[in-house]
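A.B. asks: Have a look at this one.
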Amino acid sequence: MIVLNEHEWAEEMIAARSLGKKPFETLYRIARYYIDNGIPKGHVRKMLDMFLIQCDPTASIPKWTATLDAAMARALKYDAVDIKSIDITQPELDRINALDGKQIKRLAFTLLCLAKYWDNISKSKDHWVNNKDCDIMRMANINTSIKRQSLMYFNLNAAGLIQFSKKVDNTNVRVCFIQDGDPVIHITDFRNLGYQYLKYLGEPYFECCNCGITTKINNSQVGRAGRKQKYCSACAAEIDMQQRVNSVMRLRKKERAISS
Ligand SMILES: [Zn+2]
């Protein structure tokens, strides 16, 4: 998962005592966060053990040792990523908008964001994208057959927007339409890049006030509440449950106050 501000992300995970969906990624970001905050390296490794137990008191440290060591090694090797935003320019959008087909536009947009991300964190700045195909499709919000995916790549290549790697054994592509110009879109979140492009086109998508993910506006909810949707469905469910818990707690407190 791509995170533009890894320290901020590490702070959130520490506060939430969560390993997240990808524990290895969480662990190395937290280790790097501790290192950058001046904690001695020997101590950082112990703090990873402590963090793991905080997240999951039943976790077996011996079983996790290899992962924790690898996270530590990764943290020592690479700086934390700290990118304010990935900016997409008007000439770049013009190239994408000229394509024929909704999915292919989302794919081009996603590849552009990824190429700019890699340019930002690597020395070479050669616009290569080497993310896994399935991850690219997920970020682009595209769910289609491998055959159609290949056809889209073929068409992007034919339109001069991407180049393929000469090596047969990999699927890397090089984005060829990075161009200076007025920045129009500022990407700060790499989840749902496809939806962010659709939002730019004026389609019914919005940013969740809680977690920042871009999702489709749920018309049934808008109609019921009569106001703009604020949260994505995951956050809405979480907030709803928290409110229920709070109201039960208030009720119990009241009951206790009356009976005492
Ligand atoms: Zn949310």
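The values are calculated or read from the model by the stated rules, or taken from the named source; none is laboratory data. Since the structure is predicted, the reported quantities are computational estimates derived from the model, not experimental observations. Please note: Cβ atoms are built from the backbone with ideal geometry, for glycine as well, and neighbour counts cover all protein chains shown. Heavy atoms of the whole protein, side chains included, go into the accessibility calculation; ligands, DNA and RNA do not. Shrake-Rupley method; radii C 1.70, N 1.55, O 1.52, S 1.80 Å.
A.B. asks: Tally the residues that are open to solvent by less than 30 Å² (accessible area, probe 1.4 Å) and more than 12 Å from I213 (Cβ to Cβ), restricting the search to region 183-193.
C.D. replies: Going through region 183-193 one residue at a time, the tally reaches 2.
A.B. asks: Would you confirm, using the coordinates I've provided, whether I53 is over 30 Å from I185 (Cβ atoms) and in a helix (DSSP H, G or I)?
C.D. replies: Numbers: over 30 Å from I185 (Cβ atoms): yes; in a helix (DSSP H, G or I): yes.
In short, yes.
A.B. asks: Go through (1) closer than 21 Å to D119 by Cα; (2) over 22 Å from the mean Cα position of the chain (by Cα); (3) of a type in the set (V, I, T) one by one and return the number of the condition I53 breaks.
C.D. replies: In the conditions (1) closer than 21 Å to D119 by Cα; (2) over 22 Å from the mean Cα position of the chain (by Cα); (3) of a type in the set (V, I, T), I53 misses (1) alone.
A.B. asks: A80 - would you say it is assigned to a loop (DSSP other than H, G, I, E, B), touching a helix residue (DSSP H, G or I) at 6+ places or on another chain (Cβ under 6 Å) and more than 30 Å from N130 (Cα to Cα)?
C.D. replies: Answer is no for this residue.
A.B. asks: For region 62-97, enumerate the residues that are open to solvent by 60 Å² or more (accessible area, probe 1.4 Å), closer than 21 Å to G181 by Cβ and free of Cβ contacts under 8 Å to residues at least 12 places away in the same chain.
C.D. replies: D94
A.B. asks: Could you tell me which of the residues K230, K253 is part of a helix (DSSP H, G or I) and either among the basic types (K, R) or under 30 Å from A108 (Cα atoms) (or both)?
C.D. replies: Answer to the check: K253.
One line per residue, one yes/no per condition, for (1) within 21 Å of I96 (Cβ to Cβ); (2) modelled with pLDDT under 90:
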| position | (1), (2) |
| --- | --- |
| T171 | yes, yes |
| H186 | yes, no |
| D189 | yes, no |
| Y205 | yes, no |
| T214 | yes, no |
| C232 | no, no |
| E255 | no, yes |
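A.B. asks: Which of the following residues is closer than 18 Å to H186 by Cβ, β-branched (V, I, T) and in a helix (DSSP H, G or I): I104, I136, I88, I96?
C.D. replies: Unique residue meeting the criteria: I96.
A.B. asks: Out of all the residues in region 76-110, which are closer than 13 Å to L198 by Cβ, under 16 Å from the mean Cα position of the chain (by Cα) and of a type in the set (V, I, T)?
C.D. replies: T110
A.B. asks: Give me a count of the residues in region 56-75 that are over 24 Å from the mean Cα position of the chain (by Cα) and not basic (K, R).
C.D. replies: Here the count works out to 10.
A.B. asks: Also, quick follow-up: I'd like to verify a number: residues in region 202-220 that are more than 16 Å from the ligand (Cβ to nearest atom) and either surrounded by 12 or more Cβ atoms within 10 Å (Cβ to Cβ) or β-branched (V, I, T) (or both), how many? Show your work before the answer.
C.D. replies: Looking only at region 202-220, we keep the residues that are more than 16 Å from the ligand (Cβ to nearest atom), and these are 202-204, 219-220.
Subset that is either surrounded by 12 or more Cβ atoms within 10 Å (Cβ to Cβ) or β-branched (V, I, T) (or both): 203-204.
Count: 2.
A.B. asks: Out of N120, N130, N141, I need the residue that is of a type in the set (S, T, N, Q) and on the phi > 0 side of the Ramachandran plot. Which one?
C.D. replies: N141
A.B. asks: Being closer than 20 Å to G194 by Cβ and surrounded by fewer than 16 Cβ atoms within 10 Å (Cβ to Cβ) is true for just one of F154, F177, F164. Which residue is that?
C.D. replies: When all the criteria are applied, what remains is F154.
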